[in-house]
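K.L.:
Let me begin by handing over the structure; questions about it come next.
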Amino acid sequence: MSTATYTVKGMTCGHCVSSVKEEVGEVAGVTSVEVDLASGLLTVDSDGPVDAAKIVAAVEEAGYEVANQ
């Protein structure tokens, strides 16, 4: 089991959170996705290490940006 944390910029509402959770949840190996709207924190649990670029791409697909990438 592996956990990674990212900061997502641009989310302003519950729909934003849902979009990010849906896109990141589709990444192969991801088992759980938690998003905190107030802090922008994205926590991704997976079976093993997941390429950060795939998570960043999923966040961008949802229309948002990962900080410090």
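The values are calculated or read from the model by the stated rules, or taken from the named source; none is laboratory data. Since this is a predicted model, take the numbers as computed values, not measurements. Every residue, glycine as well, gets a Cβ built from its backbone with ideal geometry; the counts of neighbours run over all protein chains shown.
K.L.:
Out of the residues in segment 54-68 meeting the condition of being more than 10 Å from the chain's Cα centre (by Cα) and in contact (Cβ under 8 Å) with a residue 60 or more places away in the chain, tell me which one is farthest from Ser18 (Cα to Cα).
P.N.:
Taking the candidates together, the pick is Asn68.
K.L.:
Okay, next question. Give the residue that is nearest to Met11 (Cα to Cα), with candidates limited to residues of segment 44-53 that are touching a residue at least 12 places away in the same chain (Cβ under 8 Å) and exposed (fewer than 14 other Cβ atoms within 10 Å of the Cβ).
P.N.:
Among them, the one singled out is Ala52.
K.L.:
Could you list all residues from segment 1-34 that are within 20 Å of Val50 (Cβ to Cβ) and of a type in the set (Gly, Ala, Ser)?
P.N.:
Ser2, Ala4, Ser19, Gly25, Ala28, Gly29, Ser32
K.L.:
For segment 1-14: of the residues being touching a helix residue (DSSP H, G or I) at 6+ places or on another chain (Cβ under 9 Å) and surrounded by fewer than 18 Cβ atoms within 10 Å (Cβ to Cβ), which is nearest to Thr43 (Cα to Cα)?
P.N.:
It comes out as Ala4.
K.L.:
Check segment 25-32 and report whether any residue there is among the small types (Gly, Ala, Ser) and modelled with pLDDT under 95. If you could, list the steps in order and put the result at the bottom.
P.N.:
The initial filter retains those residues of segment 25-32 that are among the small types (Gly, Ala, Ser), namely 25, 28-29, 32.
Next, only the ones that are modelled with pLDDT under 95 stay: none.
No.
K.L.:
For segment 15-40, give me each residue that is out of contact with any strand residue (DSSP E or B) (no Cβ under 6 Å at 6 or more places or on another chain), exposed (fewer than 15 other Cβ atoms within 10 Å of the Cβ) and not acidic (Asp, Glu).
P.N.:
Selection gives His15, Ser18, Ala28, Leu37, Ala38, Ser39.
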